[in-house]
């Protein structure tokens, strides 16, 4: 599903597609989007590209490592991935013997996730209003999905309510001050449907206002894993050098209360 907007590639960062239609930068911004339209868009992308729709599986150990997920006092770790897409993060978490759950608005994504991670429990739901697993999770991840919500505040409330008292959260969001986006039109191909971009200060305010404590902000250092050969090494070098405030995506490590040591 598309809206006919022309997309072009950034020559230095060809993994970044930018829209020439500036009205698509922020929702609503002239673009009327519904949950059905979002579902149809992602169903289409997952049907066309399958497990290759998003990041490769090699990216996900990084996110679980910086989250610091480990076994709880009872020997069981429950992890929820919101916007689970192809299920590859759940696959990695299940391989670490976590009890894994996923949510996605796309019916096709739910099928892919079940294929990628058969041990995981997957629900089809938008992220703004689910409440069927409240208070159960030790860890909650949301990798590159929050910015596509129609109601970010409602989505954050659902995400926060998913966790147990001392739960830890990892939310990965895009940076409006990413260097190529300062030069060209900002955003990814998902601008076609709905995508909100903010800088580090605005995202920090949004998370704080939602009742989260920010325990750390890291760069997304997985981008080079999408490429091969010398270009992959070049991207790895670039993303390690770029200052945090100009990086591609932020990895926010969050909690609602101080987390006790589980060792």
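Structural remarks
- Three-way shape label, region 33-255, alpha-carbon gyration tensor, a/c 1.5: rounded
- Ranking of 123, 178 by neighbouring Cβ atoms within 10 Å, starting from the fewest: 123, 178.
- Cα shape, region 135-263, gyration tensor, a/c 1.5 rule: prolate
A short reminder: the numbers here are calculations on the coordinates, not readings from a lab. Since this is a predicted model, take the numbers as computed values, not measurements. Neighbour counts run over all protein chains shown; Cβ positions are idealised from the backbone, glycine included.
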